[in-house]
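Peer 1: Please read through the structure below; I'll follow up with questions.
Values in this text are rule-based calculations from the coordinates and carry no lab data. The structure displayed is predicted, hence computed values, not measured ones. All Cβ positions, even for glycine, are placed from backbone atoms using ideal geometry, and neighbour counts span all protein chains on display.
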Amino acid sequence: MLTLVYLHYSPWSEKAAWALDHHRVVHARKAYVPMLGEPWLRMRVKKLSGPVTVPVLFGGHDLWEDSLAIARYAEVVGSGSSLFPGGTITLDPRVLEFERLAEELMSSGRARAAERAAQREDVLVESLPPMLRGSGPLAPQIGKLGVKFLRRKYQTGERTHQEHLERMRRVLDRLRAVLSGRTLAGAGGHDAEGAEAVGDAAAKELSAERPGHTSASPLALPHAYMLGSFSYADIACCAALQFVKPVADAYIPLGNASREVWTDPDLTDYPDLLAWRDRVYDAHRRLRI
Ligand SMILES: N[C@@H](CCC(=O)N[C@@H](CS)C(=O)NCC(=O)O)C(=O)O
């Protein structure tokens, strides 16, 4: 039996879980507890040093240690429509580029959310597993240690809060440009460099495919998908938008305080991308039965 070890609220885990569910891959799920669960995870993945992360998919003697690797595996063994145009052996460079953009959005989003969470006792307690939540005055201290641990592990201090914000904006502007069928003037930058080509190619493809797409909503972007039809690129980008504003509880349940902290107060000007994300979720996020 396959088992996905995951953090239910983490967009990295969501990418893997979405691909497994999309392809109807039967598996069990085991919740991971950051920091406290690490010794156990190290033993399971047989890594004494270096970072270990979730999601990890375990199956017999095999394991897949990365969200993209898990999605590729799901594509090979599962059913349902393909998420990887061009197959999984050599990945389409456009898919890799969207994966990279999503990674930038998520890693800077994590840095900013961790900073906000560190100042909120209610969030620190809410993010603990139920058995630790009731540990009285110790609970926020454990939560604080957990956030400190994650900030160090992911070196979130390598950029300032503002630099993380600008990095997120560059990615968001790029995603908006792709879904709008244009490239935003002056939207270049170090991190998003090279994405221009992806944006242009995808936009051309989308323009050809969906020229007449309209919607009643003023928030509608002209194109429904990053690569013309639903793919892993959409999964990666939709999951990453969790750090701009979390998706509905029906998809990823969050406590009220956590939901507040995951919502980036400086990124309120992307309602069109969030509306796109919500439409893709409603249309394609197959939930487990
Ligand atoms: N490249 C990995 C990155 C996964 C990742 O960053 N996981 C974080 C999610 S917040 C994690 O494991 N956090 C818990 C921890 O480090 O203890 C993937 O895509 O699977």
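Peer 1: Taking every DSSP beta bridge that has both residues in the range 3-77, what percent is antiparallel when rounded to the nearest 5?
Peer 2: 60 percent
Peer 1: Cut-off is 10 Å between beta-carbons; in what order do Phe149, Phe84 appear when sorted fewest neighbours first?
Peer 2: Starting with the residue having the fewest Cβ neighbours, the order is Phe149, Phe84.
Peer 1: Which of Ser258, Ser49, Ser13, Ser81 comes first, and how do the rest follow, when ranked by fewest Cβ neighbours within 10 Å?
Peer 2: Least crowded to most crowded, the residues run Ser49, Ser81, Ser258, Ser13.
Peer 1: Right, next: Taking 45 Å as R0, compute the FRET efficiency from the Cβ-Cβ separation of Leu96 and Gln141 and round it to 0.05.
Peer 2: FRET efficiency, Leu96 to Gln141: 0.65.
Peer 1: Name the aspartates and glutamates eligible as straight-distance cross-link partners of Lys46: C-alpha to C-alpha under 13 Å, and not fewer than 8 places from it in the same chain.
Peer 2: Cross-link targets: Glu38, Asp62, Glu65.
Peer 1: Over the chain, what is the percentage of antiparallel beta bridges among all DSSP beta bridges, to the nearest 5?
Peer 2: Here the share of antiparallel DSSP bridges comes out near 60 percent.
Peer 1: While we're here: Putting +1 on Lys and Arg Cβ atoms and -1 on Asp and Glu Cβ atoms, find which of Val25, Val77, His61 reaches farthest to the positive end of the dipole of the range 3-77.
Peer 2: His61
Peer 1: If you don't mind, another one. Loop-only trypsin sites (Lys or Arg not before Pro) in the range 251-289, please: DSSP not H, G, I, E or B, and at most 15 other Cβ atoms within 10 Å.
Peer 2: Listed in order of number, the matching sites are Arg286, Arg288.
Peer 1: For Tyr225, Tyr154, which order do you get if you count the other beta carbons within 10 Å of each Cβ and list the fewest first?
Peer 2: Tyr154, Tyr225
Peer 1: Expressed as cubic angstrom per residue, what is the convex hull volume of the alpha carbon set of the chain?
Peer 2: On the way: hull volume 40.9 nm³, N = 289.
Per residue, the Cα convex hull of the chain comes to 141 Å³.
Peer 1: Okay, moving on. Can you tell me which lysines have their Cα less than 24 Å from the Cα of Lys144? Leave out same-chain residues fewer than eight positions away.
Peer 2: Excluding near neighbours in sequence, the set is Lys30, Lys153, Lys245.
Peer 1: Related question: For His161 and Trp40, compute 0.36 nm times the residue count separating them, minus their Cα-Cα distance, and round to one decimal in nm.
Peer 2: Stretched out fully, the His161 to Trp40 stretch lengthens by 40.3 nm.
Peer 1: Compare the Cα positions of Ala283, Leu105, Pro39 along the charge dipole of the chain (+1 at Cβ of Lys, Arg; -1 at Cβ of Asp, Glu; about the Cα centre) and return the one farthest towards the positive end.
Peer 2: Going by the Cα projections, it comes out as Pro39.
Peer 1: Would you please state which residues of the range 241-282 a label at Ala220 would reach in this model, taking the label point 7 Å out along Cα→Cβ and a backbone N cut-off of under 18 Å?
Peer 2: 271-282
Peer 1: Based on DSSP H assignment, which helices of the chain show an axial Cα extent of at least 18 Å together with a mean Kyte-Doolittle hydropathy greater than or equal to -1.0?
Peer 2: Working: long enough: 93-118 (37 Å, -0.48); 138-153 (22 Å, -0.12); 161-180 (28 Å, -0.82); 195-209 (21 Å, -0.02); 271-284 (19 Å, -0.79).
Correct list, ordered by number: 93-118, 138-153, 161-180, 195-209, 271-284.
Peer 1: Karplus couplings for the range 83-88 from phi (6.51 cos²θ - 1.76 cosθ + 1.60, θ = phi - 60°), rounded to Hz, Gly and Pro as x?
Peer 2: After applying 6.51 cos²θ - 1.76 cosθ + 1.60, I find 9, 10, x, x, x, 10 Hz.
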